[in-house]
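The values are calculated or read from the model by the stated rules, or taken from the named source; none is laboratory data. What you are looking at is a predicted structure, and each value in this text was computed from that prediction instead of being measured. Cβ coordinates were reconstructed from backbone atoms using ideal geometry, including for glycine residues, and neighbour counts include every protein chain displayed. Surface areas here come from the heavy atoms of the whole protein model, side chains and all, with no ligands, DNA or RNA. Shrake-Rupley method; radii C 1.70, N 1.55, O 1.52, S 1.80 Å.
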Amino acid sequence: MDLEVKPLPPVIKNISVPGDKSISHRAVMLGAIANGTTTIDNFLPGQDCWSTVRCIRQLGVEVKELAPTRLQILGRGLGGLSEPEDCLDVGNSGTTIRLISGILAGQDFLSVLTGDASIRHRPMARIAEPLRRMGAQVWGRENGRFAPLAIRGGHLQAIDYLTPVASAQIKSSLLLAGLFAQGVTSVTEPALSRDHSEKMLAAFGANIQTQDLTTFIQPGPLTAQPIIVPGDISSAAFFLVAGAIVPGATLTVRKVGLNPTRTGILDILEEMGANITISHQTRSSGETMGDITVTGDRLKGVGIGGGIIPRLIDEIPVLAVAAAMAEGTTIIRDAAELKVKESNRLQAIATELRRFGANIAETEDGLRIQGSSAFKGAVCESYHDHRIAMACALMGLVAQGQTIVRGAECIDISFPGFQDTLRSLYIEA
Ligand code: S3P
């Protein structure tokens with residue numbers, strides 16, 4: 001599908017975005033292994049989260065779709081899953097394959113996990129190796145480096161694991177396995193990654209504590225909890241940056257998740273000179289949400305690196321667009337993980353933004369972007385990567401003439417309805 005985008009006039013708009021992808025995945029998985037029924041409101045009906053639902057159903061868990069964004073998970077407890085008859089297909093979802101592997105490592109049966117071409121080329125040794133250390137048998141192509149993965153679990157022993165990468169997917173996989181292990185499992189990461197698993201596990205009654213960069217979990221049962229999923233700040237990011245770069249625009253995104261491990265984008269936009277206000281804050285299951293308003297000004301280039309990277313890891317493609325529009329140079333460092341996301345995002349965003357006339361170069365672990373304000377519309381590619389497609393669309397809002405994003409159907413992975421929300425910005429009130 002081609003997505004056509006034209007320049008956005010100065011608008012003042014209020015919008016909302018679908019539920020948080022990370023939290024939706026976790027609610028389904030924890031609901032499945034909890035005792036009791038978990039109701040999830042504002043579930044993200046994106047392809048990645050449906051992949052999780054499909055896999056969980058194949059493990060014998062009943063998932064009721066009460067409404068398009070309201071699910072009910074009939075939990076089977078820690079010992080209630082059953083051996084799937086067929087391969088579990090995670091589609092494009094890294095969170096599904098890595099987190100569910102942690103649960104499967106605790107099961108005394110065989111599961112085979114596969115996914116699309118992107119998933120089959122993303123690194124899996126980062127979970128396979130520690131799960132093996134806990135006692136699970138994990139096989140995969142190239143000695144467990146790549147999916148398809150086969151897992152036969154059970155009889156796990158707790159480990160203390162120091163992960164080389166700050167990754168919530170690795171951390172969460174091991175914490176989930178820790179629920180089934182004998183002893184206290186600990187995971188230490190080099191910088192704090194998103195902590196939705198820790199918050200939700202605590203809400204479900206797990207014995208879990210975090211001290212600095214180490215999280216400890218004890219085995220034990222979970223109790224079903226109602227979950228209200230906040231709007232996804234990673235989806236909101238496209239409109240927050242639009243508010244920041246479209247001259248004269250003010251955009252408010254309502255009910256967005258404000259977990260501090262995810263709000264690096266707000267810190268950087270403020271540092272770049274955008275005006276940001278937050279209102280109507282509420283809390284649910286340990287997560288905060290609120291309305292975010294962004295007003296544009298002339299942005300200036302900044303340095304982005306170190307501990308803030310995990311707090312904005314999925315927002316680097318949109319931040320590259322903000323940087324392309326800023327005065328001066330932006331240097332993004334410590335972001336080599338972007339090479340192993342749904343696409344090689346450093347290469348993809350650099351290639352695509354150049355089509356608009358941006359001055360952007362890929363470095364070993366990031367990007368160097370020299371800002372400008374004169375761009376021409378372009379025909380660009382999505383690389384089947386939802387965030388690259390949306391970043392290109394965002395560039396189309398500030399480039400002269402028409403922009404076409406090819407392969408834009410992948411946006412449904414995380415943001416069904418993106419095109420309608422984008423269109424709503426052009427409709428006069
Ligand atoms: C996610 C963690 C991040 C992020 C991904 C979702 C999660 O990956 O990029 O989109 O839900 O745990 P890593 O933890 O591997 O960096």
**OP:** Using only alpha carbon pairs under 8 Å that are at least six residues apart, calculate the relative contact order of region 117-207 and give it in whole percent.
**Re:** 24
**OP:** Taking the Cα centre of region 21-228 as origin, sum charge times position over the Cβ atoms of Lys and Arg (+1) and Asp and Glu (-1), and report the length of that vector in debye to the nearest 20.
**Re:** 200
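Relative contact order for region 21-228: what is it in percent, counting Cα pairs under 8 Å that are at least 6 residues apart?
21
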**OP:** As a check on your grasp of the helix formula, calculate [θ] at 222 nm for the chain: sum -39500 (n - 2.57) over DSSP H runs of n ≥ 4, divide by the residue count, round to the nearest 500.
**Re:** -9000 deg cm²/dmol
**OP:** Whole Å is fine, so just give me how far the alpha carbon centre of region 74-100 lies from that of region 116-159.
**Re:** 14
Subject >> Electrostatic dipole magnitude of the chain [Cβ: Lys, Arg +1; Asp, Glu -1; Cα centre; debye, to 20] >> reply: 100
Original post:
Under the classification rounded if a/c is under 1.5, otherwise prolate if a/b is larger than b/c and oblate if not, where does region 257-400 fall, given a ≥ b ≥ c as square roots of the Cα gyration tensor eigenvalues?
Top reply: prolate
**OP:** Using a 1.4 Å probe over the heavy atoms of the protein chains, calculate the carbon and sulfur portion of the accessible area of the chain as a whole percent.
**Re:** 49
**OP:** Once you have a ≥ b ≥ c as the square roots of the Cα gyration tensor eigenvalues for region 336-429, tell me rounded if a/c is under 1.5, and otherwise prolate or oblate according to whether a/b is larger than b/c.
**Re:** oblate
Subject >> Gap separating the Cα centres of region 288-318 and region 1-40, nearest whole Å >> reply: 19
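From the gyration tensor of the Cα coordinates in the chain, what semi-axes in whole Å does the equivalent ellipsoid have, largest first, with each one equal to sqrt(5λ)?
Working from the Cα gyration tensor, I get semi-axes of 36, 22, 20 Å.
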**OP:** Can you tell me the FRET efficiency between residue 155 and residue 12 if r is taken as the Cβ-Cβ distance and R0 is 60 Å, rounded to the nearest 0.05?
**Re:** 0.50
**OP:** List the trypsin sites (Lys or Arg not before Pro) within region 364-429 that fall in a DSSP loop (any state other than H, G, I, E or B) and whose Cβ has at most 15 other Cβ atoms within 10 Å.
**Re:** none
Original post:
Can you give the accessible area per residue of the chain, in Å², using a 1.4 Å probe?
Top reply: 36
Subject >> region 21-228: C-alpha gyration tensor shape, a/c 1.5 cut-off, then a/b vs b/c >> reply: rounded
Subject >> Residues of region 28-49 with amide N under 19 Å of a point placed 7 Å along Cα→Cβ from residue 67 >> reply: 28, 38-46
Subject >> Where GluC sites (Glu not before Pro) fall in DSSP loop in region 1-106, at most 14 other Cβ within 10 Å >> reply: 85
Original post:
Order of 393-405, 215-227, 87-99 by packing, highest average Cβ count within 10 Å first?
Top reply: 87-99, 393-405, 215-227
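Order 281-291, 228-238 from most to least packed using the mean count of other Cβ atoms within 10 Å.
The densest-packed peptide leads the list: 228-238, 281-291.
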Original post:
Count of lysine pairs in the chain with Cα atoms under 17 Å apart, counting only pairs 8 or more residues apart in sequence or on different chains?
Top reply: 8
Original post:
What is the magnitude of the charge dipole of region 121-239 about its Cα centre, with +1 placed on the Cβ of each Lys and Arg, -1 on the Cβ of each Asp and Glu, and no other charges, expressed in debye to the nearest 20?
Top reply: 420
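Over the chain, what is the mean sequence separation of C-alpha contacts under 8 Å (at least six apart), divided by residue count, expressed as relative contact order in percent?
17
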Subject >> Within region 246-280: backbone nitrogen closer than 18 Å to the residue 288 label point (7 Å, Cα to C-beta) >> reply: 253-271, 276-280
